[in-house]
Each structure stands twice: as C-alpha cells, then as structure tokens.
1. Can you tell me which of 135, 123, 127 is in contact with a Ser or Thr (Cβ under 8 Å, 6 or more places away or on another chain), assigned to a strand (DSSP E or B) and farther than 28 Å from residue 271 by Cβ?
2. Quick check: anything in the stretch 147-158 over 20 Å from the mean Cα position of the chain (by Cα), closer than 15 Å to residue 207 by Cβ and in the same structural domain as residue 211 (by TED's automatic domain parsing)?
3. Suppose we filter 114, 108 for residues that are surrounded by 16 or more Cβ atoms within 10 Å (Cβ to Cβ) and over 19 Å from residue 371 (Cα atoms); which single one remains?
4. Check whether at least one residue in the stretch 147-154 is closer than 16 Å to residue 91 by Cα, modelled with pLDDT of 95 or more and of a type outside the set (D, E, K, R), and report yes or no.
5. Which condition breaks for residue 270 when tested against (1) in contact with a Pro (Cβ under 7 Å, 6 or more places away or on another chain); (2) crowded, with 19+ Cβ neighbours inside 10 Å; (3) more than 20 Å from residue 171 (Cβ to Cβ)?
6. List every residue pair whose Cβ atoms lie under 6 Å apart, where the two residues are 6 or more positions apart in sequence or sit on different chains, the first residue falls within the stretch 234-254 and is under 17 Å from residue 218 (Cβ atoms), and the second residue, located anywhere, is of a type in the set (Gly, Ala, Ser) and crowded, with 18+ Cβ neighbours inside 10 Å.
7. Which ones in the stretch 441-460 are of a type outside the set (A, V, I, L, M) and farther than 20 Å from residue 506 by Cα?
8. Restricting to the stretch 138-163, give me the number of residues that are surrounded by fewer than 22 Cβ atoms within 10 Å (Cβ to Cβ), in a loop (DSSP other than H, G, I, E, B) and charged (D, E, K, R).
Amino acid sequence: MVNYKSAAKALSAFIILLMLGLFPSVYAQTGDNGNGTYTNPIIWADFPDNDVIRVGDTYYMVTTTANFFPGAPVMESKDLVNWKYLSNAIGRIPGYPVYNMQGGTRYSHGQWASSIRYHNGQFYILFVTLDEGGFLCTAKNAAGPWKLTKLPKAYYDAGLFFDDDDRIYVVHGYSKLTLTEVNPDLSPKSKDTLIFEGKQRRGLEGTHVYKINGYYYLYCTYGGGDGYQVALRSKSIYGPYEEKVVLKDDMGFRKKGVHQGALIQTQTGEWWSVLFQDRDAIGRVPTLQPVTWTDGWPMPGVNGKAVITYKKPNVGKNWPVTVLPKTDEFNQPKPGLQWAWNHNPNDSLWSLTERKGYLRLKTGKVVDNLKLARNTLTQRPFGPASTGTAEFYISHLKEGDVAGLAIFQDPYAYIAVQQKDGKKRLVMAVNGKELATVENLTTGKIYLQAKVDAITDNATFFYSTDNINFKQLGNVFAMKFNLSVFTGNKFCLFNYATQTPGGYVDINWFRMQVANKM
C-alpha cells in the first residue's frame, strides 16, 4: 500500500529544496573536490580519535562518541576521502544506571579513543571508559551485528596489535606507555611492562601499533589543543624505542595541532595518515595527510606541513563523490545512522510507529533542565555553516513541558515551546536562563530552526509558523567546546517535563542544509 503521507513529505522536501537551489546540500559536504583532489577536513564535523584500517580494498574508520549512543560509529570508504556510515559498534552500555541518567550522568566520559583491527576473519574494536573499564566489540562483518564484552582490565587509549607469530599485544597509557600481552579474549596474559615514558611533555597518548619493515612503530600524540604527532620505533616490541616528532603544524588554524590517528597503506603501496584537528566549537575533525618515509620514519604532510588541498590517494580506480546523510523525514523504523541519543535511550518513551512518519518524544521523568533530560536525540552540525530546521506538533504538551531544538555543549542554548499556566509560549534560553520569549502561541504546529557558524562559533535561533518566513528569537549564542562534555556542539531534538510526565511532542522531520557561509 502506498504511504501517501510519506510520499507527500518527500515530494514537498524535494520541491522546496529544488526551488531554493539547495538540493545538493540535503547531504553533508565532502572533502572531495570532484577533480582528483580533496580539501581538509575530509569531514568537517566531530569525528575525533580516528583509527583506520584497510581490509582488501575497503577502509574502515572508528571514532569517539563518548556518552552518546548508539556510539563508536564504524564508517566505510573506498578512497579514504569519501566516507559513509556503516554501523554503530555500541548500541548502548548496559548494566550501569548512570548511563540511563539514574544517579548521575556520563557527559564527557563513556566510550573513549578506540582501536580497530581485523584478524582471522573478525573485526575488533577495543575501547575504554574512564569509570567502568575496558570493553571489546567484535563482529564478523563491519556492518554488524557487533557483540559488546566487558573486559577484566582497562587499557587507556589502547593500541591493539596482532603480531606475525599470532601473539597479541596492547600498548596503552597516558604519558607512560605500557605493553601488555593478552589472550585471544584480550584478558591479560602478562604483567604490564613500561616501554616508554614521554619526555617532551605530559600527555603522550593515542597510541596505535604497526610492524613495518622489521620495526615496531608506535604512532602517538602529545595531546591537547596544540597537540602534535610523534612516532616511536624499535626492533623489539618491548623496546628500547627511539622517538621522533613527525608532524607539528596547525594548517593556519588558531594554533590547533593536527594529530592523533592512524597510518594506512593503500593497495597500490601509498602511505597515508588520518589525523584530527580541534576546530573549537564544531569539535575535532578528521584530516587526510600523505605520508613520506624518510630514513625509516613516517612523515605525514609535505615538507613538515599538513596539507590542506592535495591529490586524492591512488587506490587503483576512481570512486564517485559520496556524502553523509543529515536529513531525516522519520519514515523508517529507526532514526538514521547519523543520530545518537544523549545517553542510553528509554525505548518506551520514543516511537517512530505510534504516529507513522513522525518521531514521537514522550516525557517519563521530571527534571530541572535539558542536561538532565533523557531521550534527547542529537546530530553533528557540519562546517563551515549548517542550518537545522524541524517541524514540531505541540498540541499534547503537559503543564511545565519544554520541547524544542537545541545546540548542546557547555554552555547550551535552545529555542523551545513551553507549556505554562495552560498556555504555550516560545522561549530562547542559554543554560536554561530565558533570554527572549513569545507569549500566547495559538498554533499547534511550529517550525524551529538553528543556524551554526563553524567559523565564528556562533549560533542563532529562529521560528516560523509556515516554514517560509522565519523570525530570529534571542541573541547570538557563542558556542564553546568544554571538556565537561568533550564532544562538539550538536543539534538536539528534545522534550522534557518539569512538572508532570506523560506529555509528548511529534516531530515530522529534521532537515539540515550545509553552506559555505551563513
């Protein structure tokens, strides 16, 4: 049977975007210039702590998502420039009430820097949470399903390594790098052995391990906003190790270093490195750097500088430009792979089937503010500038409910409908403090919009009753990147109760447009 409502939504979206000349930006921008070159960042959005491997002619990348689930996105590429979502390795972290926002929250914690490897027909993703310890995800296929296993030992910023003799090692640690031989289930087989202590400054971390031409290489960063990349090498995995700074550059951006990531060899023999750069409020974005071997050292960039625009990797053939999805008409049984809940979701309080073609967010607990609201659905904005718009149906809010569209980090800001004294009002607030209002809304449907400028780190909020004429509400919001959240600012769809649970809001769609400037 034809779903006329869904078809009408899709046709309406197409016509509007076509009329505005914006149809190509239904999808997120790509670093591919379409002429054999690319421009960094290859994805201008928050995909940090990159680890990348090649299996056959396909590349796989995993990044950090912290407390947002589904998390640890596994992405796939054929040329290291164009990436697509493949799966999320972690559906949720079970067994700990705090991940359900009971007895606290896990902002800035959760899944941290992961190591992805493929060995004997199985994919491995090893990661740590600062509070609960070590975890391992395994799958026969990178598209999933993935199995999550709690490990008896935590390995901080782990580098998982399968040696030629089938022995398995993990290099881990902060400032002091430790080697542990492990069993096939990654439980410790040996005691920890200190193999290197960072001498340049504190913060040596993000280790990935390789064996190339008889040398063991530890590819690491001295982390921080001005982080830089180093390589260590030794003929023995236990050392002693030599150390060399291989890249210390900021691509001309606010003294923010290009660092922490992976070495990859293409099927044609070229070497490349995926390293992230801190871009302040938007988060940490992946860049692709060519690698030249000089005196046995892998040197990313060209002549000591990270490249901005460069020729694409030679992978044996040309692959078309692909782009990441960011718009969702909510016509599928699950949200698109680009979405993540702010913690483990309560699946009884959201639905894409109760009103087909709509995302329904129901309140289940009284909270004081957005930071404590469960079932907030989040998505990364993209640089250089993103506009996110959502259509809200607000007739079923209860007294005290707040539902809307947020830009979330620390601080956060939102534009929302609030039910107060039996009437609906529109609110723009920062960290819950109202800065502007529109009283006595009489409509049952409203369009809320947020514009994010990744160059100035500013956001502005708008509303409309017809999706054509938008009015700004409140002041320009200065976005920040605070370690208390530790991920880039995100678009958020939310609904929370401050007095009585049981209300709900229906969201017809969320559409994001990416532009070169606001």
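1. Result of the check over 135, 123, 127: 135.
2. yes
3. Of the residues listed, the single one that is surrounded by 16 or more Cβ atoms within 10 Å (Cβ to Cβ) and over 19 Å from residue 371 (Cα atoms) is 114.
4. yes
5. Residue 270 satisfies every listed condition except (2).
6. The qualifying pairs are 244/231; 246/231; 247/301.
7. Passing the criteria: 451, 453, 456, 457, 458, 460.
8. Residues flagged as surrounded by fewer than 22 Cβ atoms within 10 Å (Cβ to Cβ), in a loop (DSSP other than H, G, I, E, B) and charged (D, E, K, R) within the stretch 138-163 amount to 3.
The values are calculated or read from the model by the stated rules, or taken from the named source; none is laboratory data. Predicted, not measured: the structure shown is a model, and the values here were computed from it. Cβ atoms come from the backbone with ideal geometry, glycine included; neighbour counts cover every protein chain shown.
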